[in-house]
Structures are given as C-alpha cells and as structure tokens.
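Reading through the structure tokens given below for one structure.
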2 protein chains.
Amino acid sequence: MKRTCIALTLALASAHAAAADGAFNSAEDAIEYRQAAFSLIKENFSDMWAMMKDKKPMDEKAFAQRAQHLSLLAQIPFTGFDVAGSDKGDTSALPAVWKDRDEFDAKAGQFQLATERLALVTQEGDAGAIKKAFGAVGKTCKGCHDDFKAE
Amino acid sequence: MKRTCIALTLALASAHAAAADGAFNSAEDAIEYRQAAFSLIKENFSDMWAMMKDKKPMDEKAFAQRAQHLSLLAQIPFTGFDVAGSDKGDTSALPAVWKDRDEFDAKAGQFQLATERLALVTQEGDAGAIKKAFGAVGKTCKGCHDDFKAE
C-alpha cells in the first residue's frame, strides 16, 4: 500500500515539469511561493534535527508527523522556479538553477525521494534506519544548496 | 490505486491530533508556520479560481498540478493550532478555534477531503465534475473562515 502510494505521488509530482510558465501572476509571486514552501520544509527538518541531536526531547509521534509533512512539502516549491524572471529579485537562488536546470531538477527529485523514504522508515520505527534516512535527507538539502543557493 | 493512496493519506493525516504540544519552539513559530501554509493554499486556490472564472486562460496541466499541490498542502497548517499561546499575537484565528476545537477539526477534515476529491476529479478530466468539486472546496474554505477566522 505504501509503495503504491509512493508510485502515485511520484507520478503526480512528475507533472510539475509540464506546468505552464506563467502559472504565477508574477515572478515576485513565484519567489514568495517557493520561499514560503522552503520555510515550511525548514521548520519540519529543523524540529526533527533538534530531536535527532537531543536538543529537545524525542517525541516519536511528532517526529513521524514532521516526516510525513516534510515528504508532502518536498513536492511544493519547485514550480516556483518555472517562472520567467524569477531568477532576479529577492531570491537566494543562483543562476545555476536555470543554467543547469536538468541537474537542479535531478537534485530536487533526490530530495523528494529521500523525504519519502524518511516518512516510510519513520513509520516502521527502526531507530537506526530512521537516523540513516534522516541523514540522507540532510545530504540532499546540502547537495542542492551547495550548487544552487547563495549562502 | 488512487483510493488506496487517499486512505493512506488520511490515516497519516489523522496522526496530527496526536502531535505533541510544543512541536514548535514558540507560539510565534506556530503562527508563522500555519500562515505560510495558508498562503500557499491561497496561491493555488486563487490561481485555479482565476482559470475557472476565465480571469486567465485555462491551462489544464497547470490546473491539475495546482489541485494536486492543494491536496498536499491541505494537510499542513493544522498542527500550527496545537501550540499553547498561539491564540494570541499576530493571528486572525478566532478564539473559537480552541473553544470549539472538535468543530474546527471536523471542518479542517472536510476541507482536506474536498481537496483530495478535487485532485482526483481533475485527473479524470470531466469539466462538470471539476467545477462541482472546485466549488465544494471553496465552500469548505468559507464554511471554516466564517466561524473561525477574523475578517
């Protein structure tokens, strides 16, 4: 059942490449949209990080919910890069996002898959597997930020 | 396959009621989180509304993606109401959210279901059904805002 859902989620997510440029009313809207989505991603990841690093008490139910929401939110930001002119303005996205779009999209896909895996592993409850899957998500964040986001 | 995924999504979503108070570091964090989530919901709904009302050209692929993302985002905001003290401060949530929490949660659930239905119907492509499902989403927004959100 879980695998079926992943397959569906991925199939739906792949629709993003086909979204029309101009789905947003302005480049500013698109920038704000992706920034809001990343802020939600960051909140979930940071809270899980705090629990994983014993900065706050581990709450397994809260962690599982964070992982689930992270996997949903991972689908959201990337349409915000499809809009012409959204490489300019109040954005920390580097020009490489648009110059090397295939690589950017591949890294976005790796991030999405890693969050899906974390959400599933978290449901299964094996602490070692959760730690590994959480680390893998962090690596996909960093791997993309290194190349595509200004510090 | 789609129904299986809905069942899973709903099962996972129901975990939200069990999330620990204090999953956010502060009431302000929780308020910002739910507001960011609602801003993303609004962007998707508004763009679909513009297409449905001929305010901008209908782009079926973009519409379908919006519908799918709306259904994911509908799962997100409500943990932000679980945090003590988040009824105060920079929020337009009315005290009724906490006073009548069962009703609020029920309306949140109706909204989530309506967005799931819209996402599925949109994939099936029947214009009349899409219009009906879109209207139903709008009603769940209004139905909740009337009772639980300051104007």
Subject >> In segment A:114-126, the residues that are within 10 Å of the chain's Cα centre (by Cα) and away from chain B (no Cβ under 14 Å) >> reply: A:114
Subject >> Residue under evaluation residue A:6, criteria (1) modelled with pLDDT under 95; (2) more than 8 Å from chain B (Cβ to nearest Cβ); (3) surrounded by fewer than 16 Cβ atoms within 10 Å (Cβ to Cβ), criterion not met >> reply: (3)
Subject >> Verdict on residue A:75 being in a loop (DSSP other than H, G, I, E, B), surrounded by 15 or more Cβ atoms within 10 Å (Cβ to Cβ) and at the interface with chain B (Cβ under 9 Å from one of its Cβ atoms) >> reply: yes
Subject >> Test for residue B:111: is it within 30 Å of residue B:25 (Cβ to Cβ), hydrophobic (A, V, I, L, M, F, W, C), touching a Ser or Thr at 6+ places or on another chain (Cβ under 7 Å) and more than 14 Å from chain A (Cβ to nearest Cβ) >> reply: yes
**OP:** With the checklist (1) farther than 17 Å from residue B:42 by Cβ; (2) surrounded by fewer than 22 Cβ atoms within 10 Å (Cβ to Cβ); (3) among the hydrophobic types (A, V, I, L, M, F, W, C) in hand, flag the one item residue B:83 doesn't pass.
**Re:** (2)
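Please verify whether segment B:26-38 includes one or more residues that are assigned to a helix (DSSP H, G or I) and under 30 Å from residue B:127 (Cα atoms).
yes
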Original post:
Does any residue of segment B:40-63 turn out to be over 13 Å from the mean Cα position of the chain (by Cα), basic (Lys, Arg) and modelled with pLDDT of 95 or more?
Top reply: yes
Original post:
Within segment A:49-66, which residues are part of a helix (DSSP H, G or I) and more than 10 Å from chain B (Cβ to nearest Cβ)?
Top reply: A:49, A:52
Original post:
Restricting attention to segment A:104-112, does a residue exist that is surrounded by fewer than 19 Cβ atoms within 10 Å (Cβ to Cβ), over 15 Å from the mean Cα position of the chain (by Cα) and not acidic (Asp, Glu)?
Top reply: no
Original post:
Looking at segment B:119-138, which of its residues are surrounded by fewer than 19 Cβ atoms within 10 Å (Cβ to Cβ) and either assigned to a helix (DSSP H, G or I) or of a type in the set (Phe, Trp, Tyr) (or both)?
Top reply: B:120, B:123, B:124, B:127, B:128, B:129, B:131, B:132, B:135, B:136, B:138
**OP:** Looking only at segment B:91-118, count how many residues are without any contact (Cβ under 8 Å) to a residue 60 or more places away in the chain and part of a loop (DSSP other than H, G, I, E, B).
**Re:** 4
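The values are calculated or read from the model by the stated rules, or taken from the named source; none is laboratory data. The structure displayed is predicted, hence computed values, not measured ones. A quick note on method: Cβ atoms are made from the backbone with ideal geometry, for glycine too, and the neighbour counts reach across all protein chains shown.
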